[in-house]
Amino acid sequence: MQTLLRIASVTLLIGLPQALAQPAPQVETLRVTRTADSGEGSLRWAIERNNTAPGRFRIEIDPEGAGPHVIKPASLLPAIKGPVRIEGMPWRRAGILVALDGSGFIADKGQRTCDGATPGQYGANVRTTTNPGLAAVDTQGVEIAGLEIRAFCIGVLIHRASANTVEDSRIVASRGGAGVMLTGDDGNGGATATTTIHNKVQRNQFIDNGDGLELTRGAAFNLVAGNVFRSTDANPEPSQGIEVLLGHDNVIVNNRFEGYSDGIQVNGGDRNYIGSNVFVGNALALSMTGERNVVDSNIIAGNAVGVALRPAARMGVTRVTRNIVHRNGQDVLRCWSGGSCDPQLRRGGIVFGIPAQEHAAYVGERGGGVAVDPAKFTHICPEGAPACQAQPNNGITPPSLEKITRSGTTLTASGRALAGGTVELFGNRNAGDTEGEVYLGEARVGDNGQFSMTVDAPSVSVPTGFTATVTSNDGATSEFSRPIGMSD
């Protein structure tokens, strides 16, 4: 037995030195000590040197002297080859003190500042990959942190690039594609799969960009978390906080959206999860087409429309579940590249069939877009009619609440809804409110189309009005039901 143990121990010891003989490569720090655009110590010099041996370097931007420091490139910086971390060092001590400013070579022409990829198109929300502040193209492992990036056509471009990170930065006044653009664009407007995946955009501030962020043309399995997306009165093009165009399986959580035409617009994107965000003061908090997207546990308050489920060329369903939806229907009219400037817009918490012509009409006015006849898209046309689009969420009918009673701290609700679906019950402080201020509980609808549920409601928080939604087995959620009050 002792001999066997000795042989086993020797075998293990022989293997260990071989593993230990492969030390991790040592990372060398490139320090950006000057705000000049060229020469040793400049950001351009650091990126160029990094690109000769990706993975060998880390770039720390810490110019000499008191900040804030402004780096104004005279021309486009080279695309970054990863892996590498680029970090504005003073950020950890006293806030962001290093700004990368595009006004050194991008002239401010208002909405015409940045050209799109299609001649005649310009400004926010057109296809483009031009004039980014920093770019990761056909690479992976680029990390950007602690910078202010302002006045470029795109703040940070992640193009056919995976496993990159943008964090703890401020992206300001991007006038072209987006503050941060993640795209699998193949160069001709088509999508590429598996080229723009597993990226993270977290804990940033996006201020007064045309679009805050885009996930487009195959961008998938990316995380957008803990950011603030804000459009103020200084923004000439309050477009989308986030646009998801043919982007799939992305996770968008714990962000805040203020002042956009659309807080989030999902246009043909599938299986995206949108959870625990806050939407305030947008024309459309969420504007949705696509297949099996989920809108879960968000606070959606003070917008013109909470969740707009729009008609689309192909069938798709959106699940809307356990959200706080109240005080919408406000007079917020924005339509730069989405949203709505229609004073007759039907407003509310969850609204089916809002026409989607604004973006196409807006791009069309700038050239190269497709002119749209609004009359063809102001309602949901009969099935098979020309120039019409499929009803959102299969036109699922809202439930009918019939009776709400209370016994002590328990509420009992009953009514009728889609057979086999799931009803969610909501309470409102005001009896006539048509949205869902407090999620109370859910129950399955019987095969006969009837449901009944009991939920806890302590006396200090018992609502006076109630609404409900129903979600079918395929994940399609209805509008809110007509409100009812407590039964005698």
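Coordinate-derived values only; no laboratory data. None of the values given here were measured: they were computed from a predicted structure. Heads up, the Cβs are rebuilt from the backbone with ideal geometry, glycines too, and the neighbour counts pull from every protein chain shown.
Per-residue ellipticity at 222 nm, computed for the chain from helices alone with -39500 (n - 2.57) per DSSP H run of at least four residues, works out to -2500 deg cm²/dmol.
Neighbour counts of C-beta atoms inside 10 Å place Cys153, Cys335, Cys341, Cys114 in the sequence Cys341, Cys335, Cys114, Cys153, starting with the fewest.
To the nearest ten degrees, helix 2-20 and the longest principal axis of the Cα atoms of the chain are 80 degrees apart.
Between the beta carbons of Gln111 and Arg444, assuming R0 = 45 Å, the FRET efficiency works out to 0.35 to the nearest 0.05. Spin-label model, Glu48 to Asn254: label points 7 Å out along the Cα-to-beta-carbon direction sit 4.1 nm apart. With a Förster radius of 45 Å applied to the beta-carbon distance between Val455 and Glu64, the computed FRET efficiency rounds to 0.10. With neighbours defined as other Cβ atoms within 10 Å of a residue's Cβ, the residues Met181, Met315 order from fewest to most as Met315, Met181. Annotation for segment 150-184 versus segment 131-145: alpha-carbon center distance of 8 Å. This ranking places Ile96, Ile300 by how few other beta-carbon atoms lie within 10 Å of each, fewest first, which gives Ile96, Ile300. Can you grab the distance from the C-alpha centre of segment 302-355 to the C-alpha centre of segment 188-249, Å, no decimals? Here the two parts' Cα centres lie 19 Å apart. I want the local charge near Leu223. Using Cβ-Cβ distances under 12 Å, sum +1 for each Lys or Arg and -1 for each Asp or Glu among the other residues. Residues close to Leu223 contribute a combined charge of 0. Compared with the dominant Cα axis of the chain, that is its longest principal axis, helix 43-52 is turned about 80°. A value for Cα Rg over 2.2 N^0.38 Å was derived from the coordinates, and within the list (1) 0.95; (2) 1.13; (3) 1.24 it appears as (2). DSSP assigns beta bridges within the chain; of those with both partners inside it, close to 25 percent run antiparallel.
Taking the DSSP beta bridges with both ends in segment 244-363, the antiparallel portion is around 5 percent. For segment 85-211, DSSP calls about 5 percent of its internal beta bridges antiparallel.
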